[in-house]
Amino acid sequence: MSALKSISSLAVVRLRLTGFRSYGHLALDPEKRPVALFGPNGAGKTNLLEAVSLLAPGRGLRRARPLELAQKDGNGGWAVAASLVCGAERYDVGTGFEPGDGERRQVRIDGQSARGATALSGFSAAVWLTPAMDRLLAEGPGARRKLLDRVAFGFDPGHAGRVTAYEKAMSERARLLTGQGMRADAAWLSGLEEIMAAKGVAVAAARREAVKRLQEAMAQGPDSFPRPQLGLAGSVEEDLQTSPAVEVEDKLRDGLQRARQRDREYGGASLGPHRSDLVVRHAAKDMSAALCSTGEQKALLVSLVLGWARALADSRGFVPLVLLDEVAAHLDELRRAQLFEALDDLGAQTWATGTDAHLFSAWGGRAQLFRVEAGRAILMN
Ligand SMILES: Nc1ncnc2c1ncn2[C@@H]1O[C@H](COP(=O)(O)OP(=O)(O)OP(=O)(O)O)[C@@H](O)[C@H]1O
Ligand SMILES: [Mg+2]
């Protein structure tokens, strides 16, 4: 296992929520150690994790719109204020939303207004596993692509913009081809295909790199959890294995041009990295993850997320926050103990939730235990 103990871990040491989901006001001052939150269904555990996830770049663990995060029956605004520490560094982060702010949450770092949440990527990162991801290995490729893009975004914040530019050019091309509102001008179409080729190949290359780093990081992770074997299925990614990026770009651009008629009839684009898939197999069983049991899939996802955290730590030089929503409940006692050990080994400030305190008993005093109830979080140990 790689020595992560020598690098600093990012930790939240002060958290204040105002008008956020089920919370009117919440004050929590955790230590750098892991945090375990327990409480009945609907107590506000996931909401708390979601608030922490907004201290990292992106849209948070539910991908909610800023408007949806405001407490129902409140004034429509919300705020999350926090102090993050990492080694000797300390950052005061505020993020929030006021009605009229549009679609973006505001971010302040050390009292200064930042240009969007991506500014947080300079010093903050988080990985997470939520119940919404349980179907990830069994269902279609869309959610796996999104996860992989999030992983790639952690290594290179520019990735998100390239994905957006690619998708924007793709939908504009589709509108042009089907003649919605505009005339299908050949030069215009070529321009859009040019963008799709350039951005699409960059996106595919970043995904390949992300898979490679994930796989390497997982190889250094604990043996207690089954290891996934990752692959990327997609013509652009496959071409990148054998040809230089410029050639793959030319091939994609020409391919799109030739596909115009077909795409006009069927809609969308019949080739490009928006069709790629992250292929996951249970390495030891040599079996597609989709055919594995629910528990086995959960364990594969745990490995994946631990690998993601480790890969981020390797690339960023600090251990990210790890948010595990209801993960403990799905694991048997031995697996739970192994998970806590793996998390201790990683050294992350983990935020874990469960409905019952006993789920965390194997963590002992290494985690701070909070009972969440009626908009409050009470320290129990
Ligand atoms: N914008 C909002 N305003 C007020 N309440 C909200 C808002 N969004 C969600 N809630 C409520 O917050 C409560 C807590 O939700 P949360 O998902 O955090 O519960 P939980 O403790 O994770 O429960 P479970 O164990 O079932 O996952 C729920 O009753 C939910 O309906
Ligand atoms: Mg929950």
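The table that follows gives values for the structure above.
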quantity: Largest-first ordering by accessible area, 1.4 Å probe, given options Val319, Val163; calculated: Val163, Val319
quantity: Computed [θ] at 222 nm, deg cm²/dmol, the chain (DSSP H ≥ 4; -39,500 (n - 2.57); rounded to nearest 500); calculated: -12500 deg cm²/dmol
quantity: Most mobile of Arg336, Arg264, Arg145 in a GNM of the chain (Cα contacts under 10 Å); calculated: Arg264
quantity: Ranking by accessible area, most exposed first, for Tyr166, Tyr91 with a 1.4 Å probe; calculated: Tyr91, Tyr166
quantity: Percent carbon-and-sulfur accessible area, the chain, ignoring ligands, DNA and RNA, probe 1.4 Å; calculated: 50
quantity: Residue-wise HN-Hα coupling along region 333-348, computed from phi with Karplus coefficients 6.51, -1.76, 1.60 (Hz; x: Gly, Pro); calculated: 4, 5, 4, 4, 4, 5, 5, 4, 5, 4, 5, 4, 5, 5, x, 7
quantity: Which of Ser121, Val80, Gly140, positive extreme of dipole for region 5-141 (C-beta unit charges); calculated: Gly140
quantity: Check: the chain dipole with +1 on Lys, Arg Cβ and -1 on Asp, Glu Cβ, in debye; calculated: 460
quantity: Cβ-derived FRET efficiency at R0 51 Å, Arg371 paired with Lys168, nearest 0.05; calculated: 0.65
quantity: Accessible surface of Phe123 - all protein chains present, 1.4 Å probe, nearest 10 Å²; calculated: 20
quantity: Calculated FRET value between Asp356 and Lys285, using beta carbons and R₀ = 22 Å, to 0.05; calculated: 0.10
quantity: Relative contact order of the chain, pairs being alpha-carbon contacts under 8 Å that are 6 or more residues apart, as %; calculated: 26
quantity: Calculated SAXS-style log₁₀ I(q)/I(0) at q = 0.10 Å⁻¹ - the chain, Debye, Cα scatterers; calculated: -0.69
quantity: Average accessible area per residue (Å²) across the chain - probe 1.4 Å, nucleic acids and ligands excluded; calculated: 44
quantity: Inter-label distance, nm, simple model (7 Å from Cα along the C-beta direction), Ser113/Arg175; calculated: 2.9
quantity: For region 181-250 and region 86-127, distance of Cα centres in Å; calculated: 29
quantity: Solvent-accessible surface ranking, highest first, for His330, His282 at 1.4 angstrom; calculated: His330, His282
quantity: Over region 138-291: Rg over Rh, Cα atoms, Kirkwood Rh; calculated: 1.03
quantity: Listed peptides 32-40, 92-100 by packing density, highest first (mean Cβ within 10 Å); calculated: 32-40, 92-100
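The values are calculated or read from the model by the stated rules, or taken from the named source; none is laboratory data. Nothing here was measured: the structure is a model prediction, and the numbers come from that model. Neighbour counts run over all protein chains shown; Cβ positions are idealised from the backbone, glycine included. In case anyone asks, the SASA skips ligands and DNA or RNA and just uses the protein heavy atoms, side chains included. Shrake-Rupley method; radii C 1.70, N 1.55, O 1.52, S 1.80 Å.
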